[in-house]
Amino acid sequence: MIRRETVLVSSTPRGSLAEPVVGFDQAREMAGSLATPLLVLSPVRLRENVEVLRRGLPGIKIYYAMKANPSTEILSLLNGHVDGIDVASSGEVSAAEQAGFAVDRLIHSHPVKRESDIRESVRLGISWFVFDNTDEIRKLARHAPGCNLLLRVAIRNSNCVVDLSSKFGASREDVVSLLLAARHSGLNVRGIAFHVGSQCRDPIVYARALKLIGEIFEKGRELGLALDTLDVGGGFPVSYRESLPSVTEFCKVVSGGCRELQKAGVTVLCEPGRCISGDSATLITRVTGRALRDGIPWYYVDDGVYGAFSGRLFDMCDYRIISDHSGPRRKCVVAGPTCDSIDVVSRDQILPELDIGDILLVPGMGAYTNASATSFNGFEPPRLVVLGDDRLDVGKPESDVTRRFAVG
Ligand SMILES: *Cc1c(COP(=O)(O)O)cnc(C)c1O
């Protein structure tokens, strides 16, 4: 993953920052009966995020990219709301199946797979795969001869926090030869996939990508390849500390850019991860220690970069940390619980003076957080707590169920 800093080029309206799914009173109640750190998940927020995509992307199928957050609770809550799951390994195939998704609703989108993974995924019943090079054609022809294939195309994008095209995707010049080579090997090439990169900051990136994709479909028609499927990937952002264009703004650009292809009978699907689970979970963490170092307050909390804050490192994510303490605010350092010096969550939070035992809320902790957490140094990652008991409270607003919560 490569971090790039670029100025936004378009003047698209901005969305609001991710908000906590619990208030401080409720958070204190939870922290009193269950030990912190806790990752509180809102089923309502999770499903609302899918609804925003449904409204914004008419006719486009939604596959949740489970690498963002593979919790069984999240997968189960999404079942019946999304069209399927985007998986990247046979391990994820099994996890999605266990959460109730039939294999015909899964797409294996990893462009470079272990042969054992292809074999196992085929054995489990996967019939859609992605490739971006000739070795992969050979592997798939051997282990998955009857499957449907999408060619992953690289999209140059300097305006995403996580640039995925630096690792995957066929370059524009190789697209035609790869499509033909796959067809020549008897594989069922159905279309094109791309991913602009995660935490994309500007919808114009999709407009440019879809223009290129339109040209590729046109070329495919000329060559008689009959491509009928387009996977526009994920990448829609969450506004963590910086207000970015809203998901609805991204949807406008994507649905506009796909319209001609849809009219021509192409099936379009997307695979968002972050914008579905990202703001659906809030971390409750507690201040466990304090120090004044070089005149700057340091607060030690009970979750850090080896826990759910692992997104700080792997996802290059900068989270907003909220306190309800009153009093003057000043710049401080928030550090995690382990003995490792890399375990610093933030060096530039502006917070009031905190006491030991204080509760802090961190919104937007539902994607690329607990998915990559460890229990390094003996500190367990946060426990997932689902707001309400969904089996008992289907369809009820969350305000009715704030006093009950289920532990996952
Ligand atoms: C990570 C990933 C996604 C999800 O990306 P988000 O930025 O979380 O929406 C979708 N598709 C593929 C192939 C991915 O690798």
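Values as computed for the structure displayed
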quantity	calculated
Only one of 268, 301 that is crowded, with 17+ Cβ neighbours inside 10 Å and away from the ligand (no atom under 16 Å from the Cβ)	301
Total residues in region 75-88, condition within 13 Å of the ligand (Cβ to nearest atom) and either of a type in the set (A, V, I, L, M) or open to solvent by 10 Å² or more (accessible area, probe 1.4 Å) (or both)	5
Failed condition for residue 343, given (1) of a type in the set (Asp, Glu); (2) open to solvent by 50 Å² or more (accessible area, probe 1.4 Å); (3) at pLDDT 95 or above	(2)
Boolean, residue 285 is more than 16 Å from the ligand (Cβ to nearest atom), outside the structural domain of residue 366 (by TED's automatic domain parsing) and touching a residue at least 40 places away in the same chain (Cβ under 8 Å)	no
Within region 132-156, considering residues that are part of a helix (DSSP H, G or I) and without any contact (Cβ under 8 Å) to a residue 40 or more places away in the chain, the one most open to solvent (accessible area, probe 1.4 Å)	142
Test for residue 294: is it out of contact with any helix residue (DSSP H, G or I) (no Cβ under 8 Å at 6 or more places or on another chain) and open to solvent by 60 Å² or more (accessible area, probe 1.4 Å)	yes
Which numbered condition residue 196 misses (of (1) open to solvent by less than 50 Å² (accessible area, probe 1.4 Å); (2) assigned to a loop (DSSP other than H, G, I, E, B); (3) within 30 Å of residue 145 (Cβ to Cβ); (4) free of Cβ contacts under 8 Å to residues at least 60 places away in the same chain)	(3)
Matching residues in region 112-131 - criterion: being away from the ligand (no atom under 16 Å from the Cβ), open to solvent by 50 Å² or more (accessible area, probe 1.4 Å) and among the aliphatic types (A, V, I, L, M)	122
Strands (runs of 3 or more DSSP E) wholly inside region 1-100 that include at least 1 residues being among the basic types (Lys, Arg) and over 30 Å from residue 360 (Cα atoms)	61-65
Matching entry among 61, 67 (being open to solvent by 50 Å² or more (accessible area, probe 1.4 Å), touching a residue at least 60 places away in the same chain (Cβ under 8 Å), under 27 Å from residue 154 (Cα atoms) and in contact with a strand residue (DSSP E or B) (Cβ under 7 Å, 6 or more places away or on another chain))	61
Residue list for region 365-392, restricted to those being out of contact with any Pro (no Cβ under 9 Å at 6 or more places or on another chain) and modelled with pLDDT of 95 or more	366, 367, 368, 372, 376, 378, 384, 385
Among residues of region 39-58, those that are away from the ligand (no atom under 16 Å from the Cβ) and open to solvent by less than 10 Å² (accessible area, probe 1.4 Å), counted	5
Any hit, region 92-111, residues being farther than 16 Å from residue 188 by Cβ, in the same structural domain as residue 233 (by TED's automatic domain parsing), charged (D, E, K, R) and surrounded by fewer than 18 Cβ atoms within 10 Å (Cβ to Cβ)	yes
Qualifying position, being over 28 Å from the mean Cα position of the chain (by Cα) and not basic (Lys, Arg), among 294, 302	294
Residue list for region 125-157, filter: more than 15 Å from residue 86 (Cα to Cα) and out of contact with any strand residue (DSSP E or B) (no Cβ under 8 Å at 6 or more places or on another chain)	134, 135, 136, 138, 139, 141, 142, 143, 145, 155, 156
Among (1) within 13 Å of the ligand (Cβ to nearest atom); (2) out of contact with any Phe, Trp or Tyr (no Cβ under 7 Å at 6 or more places or on another chain); (3) modelled with pLDDT of 95 or more, the one test that residue 233 misses	(2)
Residue 181, sole failed condition from (1) part of a helix (DSSP H, G or I); (2) more than 23 Å from residue 228 (Cα to Cα)	(2)
Residue in region 5-19 that is more than 14 Å from the ligand (Cβ to nearest atom), buried (at least 17 other Cβ atoms within 10 Å of the Cβ), assigned by TED's automatic domain parsing to the domain that holds residue 166 and not small (Gly, Ala, Ser) present	no
Matching residues in region 236-265 - criterion: being of a type in the set (A, V, I, L, M), open to solvent by less than 40 Å² (accessible area, probe 1.4 Å) and either away from the ligand (no atom under 16 Å from the Cβ) or closer than 30 Å to residue 357 by Cα (or both)	238, 261
Residue count for region 322-336, restricted to those that are of a type outside the set (Gly, Ala, Ser) and surrounded by 21 or more Cβ atoms within 10 Å (Cβ to Cβ)	2
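The values are calculated or read from the model by the stated rules, or taken from the named source; none is laboratory data. What you see is a predicted model; the values in this text were computed from it and never measured. Using ideal geometry, Cβ is built from the backbone for each residue, glycine included, and neighbour counts are taken over all protein chains shown. All accessible areas refer to the heavy atoms of the entire protein, side chains included, with ligands and DNA or RNA removed. Shrake-Rupley method; radii C 1.70, N 1.55, O 1.52, S 1.80 Å.
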